[in-house]
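The values are calculated or read from the model by the stated rules, or taken from the named source; none is laboratory data. Since this is a predicted model, take the numbers as computed values, not measurements. Here the Cβ is made from the backbone with ideal geometry for all residues, glycine too, and neighbour counts use every protein chain on show.
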Amino acid sequence: MISFEFFGILSISLILYWLLPAQRYRNLLLTASSLLFIWLLDHQSLIVVLALTLFSYGMGQIIYRQKRSGWAHALGIVGVLSSLIFFKYLGFLAGITDSLYTFLEALPRFSVHHLLLPLGISYIVLKHISYLTDIKWKLVKPGNFLDFLLYSSLFTIFLAGPIERFERLSPQLKSPRIPFKRSDLELGSQRIALGLFKKLVIADWIGFFIADIWRNPDQYHPGLAVLALFGYAIQIYFDFAGYSDIAIGSSRLFGLKVMGNFQRPYLAPNISQFWRRWHISLSDFIRDYIFFPLSRLSSSKLWLLGFVPVIAMALCGIWHGAESRYLLWGIWHGLGLTVYQLFQQFKRRRIKRKGQRLNASLAVLAWPVTFMFVSLGWLSFRAFGLPVARHIFFSAEGLLAILLSFLLLIFIGRAISAFQSRISAKVRWRPAFTLYLLLICLICYSAMNTEFIYAAF
Amino acid sequence: MEEKLLDFIRDEFLEDPELEIDADTRLISAGIIDSFSLVSLQSYIEREFGKRIPAPRITAESFDTVRQMVQIIQQF
């Protein structure tokens, strides 16, 4: 994303885009730029994008025209998902059957050669599932092929989202002419500068300082391992939020409004709120197309509270990659949602039956508990996380460090809630500030070889 | 329709029975109802009014207040 290809294509297409008189020509230009961007990064990815787009558009037309569209919708989803399974999960499944083979000799054995994961495939597959399902639910019409191709390939959001919905992007592409506004250029460049700052200055430098602790935790004091754990929590947030800011800001330069992906997630007072603020486009997808449909399968409380969140979040985890660490991370969050929901029900019942409320002072624990829970989840998410976990939890010093940091978090939480509104009200953006940020980013970029964590998914 | 929805929300989801809500109270964005509650609300609407509201319409932008809920239900 922070590459010559991206910013080169962005600059040239931006000038040509605003010179063109009608939106349909601009859309053609953006489509050509997007396909060129994908082709420059990886020829194979371009073929996959075009094939998937043709397939999904065709299925969308069938679903739209059929009265009973259930079978066409199912076929479309299976087709789109097959591409993801083929490229992303076949090796993982082969590994499972290989290990089972040692116990059951009759099991068929197959070998899978290393397949290169086409860029952006995890994101395009989710976009296409939402497209096909929204047509089935009669929320959108299939639109014309060129708009759908642009939706599938738009280079500003191609590599790692946000996972925008066709329903939101399509009306913007259909407008006769998006008016040129100076404010769009200002807001777009500010967002890009802020994104670069988050990524290159905050995330990369934190990553630089904690990398060796994650690699060799035994060589460091357990207290430092706890710091590295929180450091990674902050790094992954600024890395992905930085990427999202660049993607949203770049789209805004073309007058296109793309949904936000983060809303101060680490300030969430509970795990349910966290998932309304973290990777919003993905959590909205999970909610709309997995959580709600799964919930409808049974009205039993055990199913709704015990199974649905765990299954939905396990799928969310495995979407990030074909590795058990992501699956474990998803299950961790699913269980967190279940426990939080049971706690909510307990509170409601207590008030209704006995008229008793929980002590209000317990509310100060809400934020630290949530932040600690999410941070512990990253132990599984990051490779080499388990040695760090062992180093922290199997030593008295590590446990003491966790306890002390929890107490510190309580004070930090109080301070944040006291100053939050005052700080956000006082910040005013000036053009010179954008330039300063860009200059700092340039210096940091030249000092570090940089990659986005989420572009790997 | 508004009254029925308000009664259901008061009975099922309100943590504080003394909290007063009306047709314009923000429910999702204020954290009064969450995704689990929305699943029950979706089933209630289907049972009571015979309308199935697709999940992408049940958002903080379009389904936040009872007044907005009524508008969405009438669209389907």
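What do you reckon, is A:Phe307 in a helix (DSSP H, G or I) and either modelled with pLDDT under 90 or of a type in the set (A, V, I, L, M) (or both)? It is false that A:Phe307 is in a helix (DSSP H, G or I) and either modelled with pLDDT under 90 or of a type in the set (A, V, I, L, M) (or both). Taking B:Ile73 and the conditions (1) under 10 Å from the mean Cα position of the chain (by Cα); (2) in contact (Cβ under 8 Å) with a residue 24 or more places away in the chain; (3) more than 12 Å from chain A (Cβ to nearest Cβ), which numbered condition does it fall short on, given that it satisfies the others? Every condition holds for B:Ile73 apart from (1). When the residues of the range A:132-153 are filtered to those that are within 18 Å of A:Val78 (Cα to Cα) and touching a Pro at 6+ places or on another chain (Cβ under 8 Å), the one that is surrounded by the most Cβ atoms within 10 Å (Cβ to Cβ) is A:Ile135.
More than 9 Å from chain A (Cβ to nearest Cβ) and either within 16 Å of A:Asp284 (Cα to Cα) or at pLDDT below 85 (or both): is that true of B:Leu19 in this structure? Spelling it out, B:Leu19 is indeed more than 9 Å from chain A (Cβ to nearest Cβ) and either within 16 Å of A:Asp284 (Cα to Cα) or at pLDDT below 85 (or both). For the range B:22-49, filtered to residues that are touching a residue at least 40 places away in the same chain (Cβ under 8 Å) and either within 11 Å of chain A (Cβ to nearest Cβ) or in a loop (DSSP other than H, G, I, E, B) (or both), the residue that is surrounded by the most Cβ atoms within 10 Å (Cβ to Cβ) is B:Thr25.
A single member of A:Ser69, A:Ser56 is modelled with pLDDT of 90 or more and of a type in the set (S, T, N, Q), and it is A:Ser56.
Scanning the range A:194-234 for residues that are out of contact with any Leu (no Cβ under 7 Å at 6 or more places or on another chain) and among the β-branched types (Val, Ile, Thr) turns up A:Val201, A:Ile202, A:Ile206, A:Ile210, A:Val226, A:Ile234. Taken over the range A:164-194, the criterion of being within 29 Å of A:Tyr289 (Cβ to Cβ), in a helix (DSSP H, G or I) and of a type outside the set (Lys, Arg) is satisfied by A:Phe166, A:Glu167, A:Leu169, A:Ser170, A:Pro171, A:Gln172, A:Leu173.
Inside the range A:238-263, residues that are without any contact (Cβ under 8 Å) to a residue 40 or more places away in the chain and either closer than 17 Å to A:Gln190 by Cβ or away from every other protein chain (no Cβ under 14 Å) (or both) make up a count of 1.
Every condition in (1) more than 14 Å from chain B (Cβ to nearest Cβ); (2) crowded, with 22+ Cβ neighbours inside 10 Å is met by A:Ile234 except one, and the failing one is (2). Here the range A:288-329 is the region considered, the condition is being touching a residue at least 24 places away in the same chain (Cβ under 8 Å) and either facing chain B (nearest Cβ under 10 Å) or within 19 Å of B:Ile53 (Cα to Cα) (or both), and the residue that is farthest from the chain's Cα centre (by Cα) is A:Leu305. Filtering A:Val112, A:Val125 for residues that are touching a Leu at 6+ places or on another chain (Cβ under 9 Å), modelled with pLDDT of 75 or more and on the phi < 0 side of the Ramachandran plot leaves a single hit, A:Val125. Within the range B:50-66, the residues that satisfy the criterion of being in contact with an Asp or Glu (Cβ under 6 Å, 6 or more places away or on another chain) and either in contact (Cβ under 8 Å) with a residue 60 or more places away in the chain or surrounded by fewer than 17 Cβ atoms within 10 Å (Cβ to Cβ) (or both) are B:Arg52, B:Val66.
Please verify whether A:Phe274 is buried (at least 21 other Cβ atoms within 10 Å of the Cβ), aromatic (Phe, Trp, Tyr), within 14 Å of chain B (Cβ to nearest Cβ) and more than 15 Å from the chain's Cα centre (by Cα), treating the condition exactly as stated. Answer is no for this residue.
Okay, residues lined up against (1) within 13 Å of A:Phe371 (Cβ to Cβ); (2) part of a loop (DSSP other than H, G, I, E, B); (3) not assigned by TED's automatic domain parsing to the domain that holds A:Ile206:
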| site | (1), (2), (3) |
| --- | --- |
| A:Ala225 | no, no, no |
| A:Leu229 | yes, no, no |
| A:Tyr237 | yes, no, no |
| A:Tyr243 | no, no, no |
| A:Ala247 | no, no, no |
| A:Ser251 | no, no, no |
| A:Val258 | no, yes, no |
| A:Ser272 | no, no, no |
| A:Arg276 | no, no, no |
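Is it the case that A:Ile2 is in a loop (DSSP other than H, G, I, E, B), surrounded by 16 or more Cβ atoms within 10 Å (Cβ to Cβ) and at pLDDT below 95? It is true that A:Ile2 is in a loop (DSSP other than H, G, I, E, B), surrounded by 16 or more Cβ atoms within 10 Å (Cβ to Cβ) and at pLDDT below 95.
When A:Leu327, A:Leu337 are checked against the criterion of being within 16 Å of A:Lys301 (Cβ to Cβ) and assigned to a helix (DSSP H, G or I), A:Leu337 stands alone in meeting it. Of all residues in the range B:6-21, those that are surrounded by 14 or more Cβ atoms within 10 Å (Cβ to Cβ) and either of a type in the set (Gly, Ala, Ser) or over 25 Å from A:Leu337 (Cβ atoms) (or both) total 1.
Name every residue in the range A:186-213 that is in contact (Cβ under 8 Å) with a residue 60 or more places away in the chain and surrounded by fewer than 16 Cβ atoms within 10 Å (Cβ to Cβ), in order of residue number. If the condition is that a residue be in contact (Cβ under 8 Å) with a residue 60 or more places away in the chain and surrounded by fewer than 16 Cβ atoms within 10 Å (Cβ to Cβ), then A:Glu186, A:Trp205, A:Phe208 are the ones that fit.
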